[in-house]
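A.B. asks: I'd like to ask some things about the structure below.
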Amino acid sequence: MDRDDDLIRGIGYMVIQASHLEREIEDICCWLSMGCSRPPHHETKRVSEKIKWCKIKIRELKDERLQGLDRSLDKAKNLLERRNKLVHGQIYFAKDAPEKLIPGRKNEREKLIVPDEAYDLAEAMYNLHQAILSENAFKLVAALSGRMDA
C-alpha cells in the first residue's frame with residue numbers, strides 16, 4: 001500500500017485489513033467446525049471469543065502441525081487489540097502540532113501518534129491474513145481427518 005503522511009488514510013487501511021483478518025478468523029472457525037462442535041450463533045461472536053475457541057479446539061486436537069496456527073492466532077489477537085486502541089481511542093488533530101491519541105481506557109496514557117504506526121499495523125494485518133490459511137489449510141485438514149470426511 002502506498003504510504004503518505006496522512007493518519008486518517010493509514011487508519012482507513014488498517015480498518016480494511018482488520019476486516020480481512022477477522023474474515024480469516026471466521027474461516028478458521030468454519031474449518032474447525034467441520035470436525036469440532038461449534039456453539040450455536042458462534043459466527044456472530046466477537047473475534048476475541050472466536051480466537052479463544054479456535055485455540056481451545058487446536059489444543060483438543062493435539063496435533064503438533066497446528067502449533068504455527070496457534071501462534072498466528074496469538075498474533076491476530078495482538079494486532080486486533082492494537083487496532084481497538086486506535087479505533088476506540090480519540091485522536092486529536094491540532095494545527096502545527098502532532099496528532100494525539102487519548103485512549104478509551106482510563107488506565108492507559110495518552111500518546112502521540114504518527115501515520116506510520118497505522119500503516120505498520122495495516123501491513124502486519126495484511127501479511128498475517130494472507131498467510132494464516134494458506135500456511136495452515138492442509139494442516140487443518142490433516143488434523144481433522146479422523147473427525148470429518150476430507
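The values are calculated or read from the model by the stated rules, or taken from the named source; none is laboratory data. The shown structure was predicted, so the numbers you read here are calculated from the model rather than taken from an experiment. Note: ideal-geometry Cβ built from the backbone for every residue, glycine included; neighbour counts use all protein chains shown.
A.B. asks: Kindly indicate which of L69, L86 is surrounded by 12 or more Cβ atoms within 10 Å (Cβ to Cβ) and either without any contact (Cβ under 8 Å) to a residue 12 or more places away in the chain or within 20 Å of D6 (Cα to Cα) (or both).
C.D. replies: L86
A.B. asks: Does any residue in segment 102-123 that is free of Cβ contacts under 8 Å to residues at least 60 places away in the same chain come within less than 9 Å, Cβ to Cβ, of a residue that is crowded, with 17+ Cβ neighbours inside 10 Å and assigned to a loop (DSSP other than H, G, I, E, B) six or more places away or on a different chain, and which pairs are these?
C.D. replies: I102/G89; P103/G89; G104/G89; R105/G89; E108/G89; E110/G89
A.B. asks: If you scan segment 110-150, which residues turn out to be under 24 Å from D5 (Cα atoms) and of a type in the set (D, E, K, R)?
C.D. replies: E110, K111, D116, E117, D120, E123
A.B. asks: Consider segment 1-14. How many of its residues are closer than 18 Å to L128 by Cα and either loosely packed, with under 15 Cβ neighbours inside 10 Å or touching an Asp or Glu at 6+ places or on another chain (Cβ under 7 Å) (or both)?
C.D. replies: Kept after step one, since they are closer than 18 Å to L128 by Cα, are these residues of segment 1-14: 1, 10-14.
Then keep just the ones that are either loosely packed, with under 15 Cβ neighbours inside 10 Å or touching an Asp or Glu at 6+ places or on another chain (Cβ under 7 Å) (or both); that gives 1, 12.
Summing the residues that are closer than 18 Å to L128 by Cα and either loosely packed, with under 15 Cβ neighbours inside 10 Å or touching an Asp or Glu at 6+ places or on another chain (Cβ under 7 Å) (or both) in segment 1-14 gives 2.
A.B. asks: Among the numbered conditions (1) of a type in the set (F, W, Y); (2) within 28 Å of G12 (Cα to Cα); (3) surrounded by 12 or more Cβ atoms within 10 Å (Cβ to Cβ), tell me where F93 comes up short.
C.D. replies: For F93, the exception is condition (3).
A.B. asks: So if I check each of S33, S48, S37, which one is within 28 Å of I11 (Cβ to Cβ) and of a type in the set (G, A, S)?
C.D. replies: Details: S33 fails: within 28 Å of I11 (Cβ to Cβ); S37 fails: within 28 Å of I11 (Cβ to Cβ).
From the options S33, S48, S37, the qualifying one is S48.
A.B. asks: Against the conditions (1) exposed (fewer than 14 other Cβ atoms within 10 Å of the Cβ); (2) touching a helix residue (DSSP H, G or I) at 6+ places or on another chain (Cβ under 7 Å); (3) over 24 Å from W53 (Cα atoms), where does E99 fall short? Just the number, please.
C.D. replies: Among (1) exposed (fewer than 14 other Cβ atoms within 10 Å of the Cβ); (2) touching a helix residue (DSSP H, G or I) at 6+ places or on another chain (Cβ under 7 Å); (3) over 24 Å from W53 (Cα atoms), the lone unmet condition for E99 is (1).
A.B. asks: Can you tell me which condition L133 does not meet? The list is (1) within 24 Å of G35 (Cα to Cα); (2) aliphatic (A, V, I, L, M); (3) out of contact with any Leu (no Cβ under 9 Å at 6 or more places or on another chain), and all the others hold.
C.D. replies: (3)
A.B. asks: Pairs needed: first member in segment 26-52, within 20 Å of F138 (Cα to Cα); second member anywhere, among the acidic types (D, E); C-beta distance under 9 Å; at least 6 residues apart or different chains.
C.D. replies: Sorted first by the residue in segment 26-52, then by its partner, the pairs are E26/E43; C29/E43; C30/E43; M34/D149; C36/E60; I51/D74.
A.B. asks: Anything in segment 121-150 that is within 14 Å of the chain's Cα centre (by Cα) and in a helix (DSSP H, G or I)? List them, or say none. Give the derivation first.
C.D. replies: Narrowing segment 121-150 to residues within 14 Å of the chain's Cα centre (by Cα): 121-133.
Selection gives L121, A122, E123, A124, M125, Y126, N127, L128, H129, Q130, A131.
A.B. asks: Sort out which residues of segment 57-92 are over 22 Å from M34 (Cα atoms), outside any helix (DSSP H, G or I) and out of contact with any helix residue (DSSP H, G or I) (no Cβ under 8 Å at 6 or more places or on another chain), and write them in order of number.
C.D. replies: Across segment 57-92, the qualifying residues are G89, Q90, Y92.
A.B. asks: Which residue is modelled with the lowest pLDDT, if the candidates are limited to segment 18-45 and must be surrounded by 14 or more Cβ atoms within 10 Å (Cβ to Cβ), in a helix (DSSP H, G or I) and among the small types (G, A, S)?
C.D. replies: If we take residues in segment 18-45 being surrounded by 14 or more Cβ atoms within 10 Å (Cβ to Cβ), in a helix (DSSP H, G or I) and among the small types (G, A, S), then S33 is modelled with the lowest pLDDT.
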